[in-house]
Protein chains: 2
Amino acid sequence: MQRFSKKVSMTVVKRLPKYYQYLSDLLENDIEKISSRELASLMGLTASQIRQDLNSFGGYGQQGYGYNVGELREAIKEILGLDSEYNCMIIGAGNMGHAIANYERFKREGVILKGVFDVDPLRVGTVVGSVVVKHMDEIEKFIKNNEIDICILCVPREVGQKVATLITDLGVKGILNFSPLDLDVPGDVVVENVNITDSLFTLTYLLGE
Amino acid sequence: MQRFSKKVSMTVVKRLPKYYQYLSDLLENDIEKISSRELASLMGLTASQIRQDLNSFGGYGQQGYGYNVGELREAIKEILGLDSEYNCMIIGAGNMGHAIANYERFKREGVILKGVFDVDPLRVGTVVGSVVVKHMDEIEKFIKNNEIDICILCVPREVGQKVATLITDLGVKGILNFSPLDLDVPGDVVVENVNITDSLFTLTYLLGE
C-alpha cells in the first residue's frame, strides 16, 4: 500500500487533516475554486507553505487558476487513506471509550466501530455507541473474525502496555492511544497518541510564559 | 509571570510533560538518581537531546552524577506551571465533557473543576464530575466570581467560535479545545487543541504508508 515514493515530513502529514477539514468546509459552502493565497489566509499559513506542502504529494494546482476545491479534497482524502474503510474496536468502555464510540465523525469517514471491550462486569453487556460491550476474554476470536484495522485504546495507564502487546500479537496494526503512556510495539505497528494530560500541561506552560 | 528570558522551542515544550511523567514514574519506583543516558533510553531520546532540552531551561544535571530525580521533577513541575493551581470550567456536557470532568489526573495536578456548562435543558441540573451543570446564561457571572483560568471547550464545531469569543471577552486566557476547529482568539489568549479526528486521520495516513 505504498502510496508515495518519497518520505513526507511529519510536519506536513500533520497538516493534511487540516487541509481536508478546510476544503470540506469550502465545498459545503459551494466554493469550488481557491488560490493558494486565499487558502493560506484561511488556514493561517503562507501561500508558499501551501504550495510546498501540496507539491510534496505531486502538486495539484494550476498556475493562474488556483486549486479546484473538490479535486484537491478528493486527492487529500485519498492521501489520508480515507478512500478505504477501516474496522475499528475500542478497548475500555469508561468515559473516554463512551465519548469516542459516540463520535459520529469517525463513521462518516469510513471508520466503522465493530466492537467495544472491557473487563468490568458492570460494563460488559451494556450498549456503548451502537454495540454491546464484550469481555476481553472474547478478544482473540473477535479480532480474527472482524479483520480489525484500528484499535482505540482507552484503558488505564497501568494496563496499557499489556493490552497493546495482546492486540498487536493478534495482528492489529494501528492504535489510536488515549492511555497516557508510550507504548512499546513492533516496528510494523503505527501508534498515534492522544495524550490529554500532556495537552493540559502544555497549556499551563503557555499560560505562564 | 515570565519565567525564562529566552524563548524555548515548542518541540522542547511539547516534550516537557513527557519528562514530568517519566520522572514521576521513577520517583514512584524509588529511583532517586538517573544519568542522561539512562533517562534517554527510557524515553526513546538521545542523551544529548536530554542534555540540550534541560539546558534550555538552565540545566539541572551534575557531571559524573546525573540527575537527582526528585529535584528535576520539581523543576519541571514548576516550569510547566504545575506549582500553581488553576480554576477550570468545561463547556459542553456531552460525552467528551463527561470524560474530561471525570479525569482524576487533572485535579491531582492542581486543575480544579469549578463548573460545567451546557444549553441543553436535559443536561442542565445533572451532575457531571463533581459539579451540577449550569446553563450558559449564567456564564458571565460565573467566570467573574470564580476567576477561571482555563476553559475546556467540548462543544459542537458549529458553535465553537461563538463560545470562544464569549469566554475570551469575559477574560478567560487559556483554552483546552476539543471542538474540531481552529479558534480565532485575542493575542494574549493561549489555545491548545486536542483534535481527535486529526489524530485518527494521521493514523489512517500512517497505516497506508
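Here, each number is a calculation from the coordinates, and none is a lab measurement. Keep in mind the model is a prediction, meaning the values are calculated, not measured. For neighbour counting, all protein chains shown are included, and Cβ atoms are generated from backbone atoms with ideal geometry for every residue, glycine included.
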Subject >> Filter on A:Lys33/A:Lys114; B:Lys33/B:Lys77; A:Lys134/B:Lys114; B:Lys14/B:Lys141; A:Lys14/B:Lys134; A:Lys14/B:Lys162 - keep pairs with C-alpha separation over 29 Å >> reply: A:Lys33/A:Lys114; A:Lys134/B:Lys114; B:Lys14/B:Lys141; A:Lys14/B:Lys134
**OP:** Net charge near B:Leu170: determine it from the other residues with C-beta under 11 Å of the C-beta of B:Leu170, scoring Lys and Arg +1 and Asp and Glu -1.
**Re:** +1
**OP:** Run through the other copies and list how far each one's label point is from that of A:Ala47, in nm with one decimal, shortest first; the point sits 7 Å from Cα along Cα-Cβ.
**Re:** 5.1
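Using a cut-off of 14 Å between beta-carbons, work out the net charge of the residues near A:Val185 (Lys and Arg +1, Asp and Glu -1, A:Val185 not included). Walk me through the intermediate numbers first.
On the way: positive: A:Lys162, A:Lys173; negative: A:Asp169, A:Asp182, A:Asp184, A:Asp188, A:Glu192.
Taking every Cβ under 14 Å from that of A:Val185, the sum is -3.
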**OP:** Can you list the distances in nanometres, one decimal and ascending, from the A:Asn29 label point to the identical position in each other copy, with the point 7 Å along Cα to Cβ?
**Re:** 5.1
Subject >> Alpha-carbon centroids, the range B:150-199 and the range A:99-114: separation in whole Å >> reply: 23
**OP:** Between B:Asp188 and A:Asn87, with labels modelled 7 Å along Cα→Cβ, what's the label distance in nm to one decimal, could you check?
**Re:** 5.5
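Restricting to bridges with both residues inside the protein assembly as shown, how much of the DSSP beta-bridge set is antiparallel, in percent to the nearest 5?
Around 20 percent antiparallel, to the nearest 5.
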Original post:
Taking the label point as lying 7 angstrom from Cα along the Cα-to-Cβ axis, what are the distances from A:Asp184 to the corresponding position in the remaining copies, in ascending order and in nanometres?
Top reply: 4.9
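Excluding the sites themselves, what is the longest stretch of chain A that contains no trypsin sites (Lys or Arg not before Pro) in a DSSP loop with at most 14 other C-beta atoms within 10 Å?
Details: sites that count: A:Arg3, A:Lys6, A:Lys7.
It runs A:8-209.
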Original post:
Ordered by residue, what ³J(HN,Hα) values in Hz, to whole numbers, does the range A:103-115 give under the Karplus form 6.51 cos²θ - 1.76 cosθ + 1.60, where θ = phi - 60° and Gly and Pro are x?
Top reply: 6, 4, 4, 4, 4, 4, 9, x, 9, 9, 6, 9, x
Original post:
Nearest-5 percent of antiparallel DSSP beta bridges in the range A:1-134?
Top reply: 40
Original post:
Among the residues of chain A, which one places its Cβ closest to the rotation axis that maps chain A onto chain B, and what is that distance in whole Å?
Top reply: A:Ala99, 2
**OP:** Lys and Arg at +1, Asp and Glu at -1: add these up for the other residues within a Cβ distance under 11 Å of A:Cys151 and post the number.
**Re:** +1
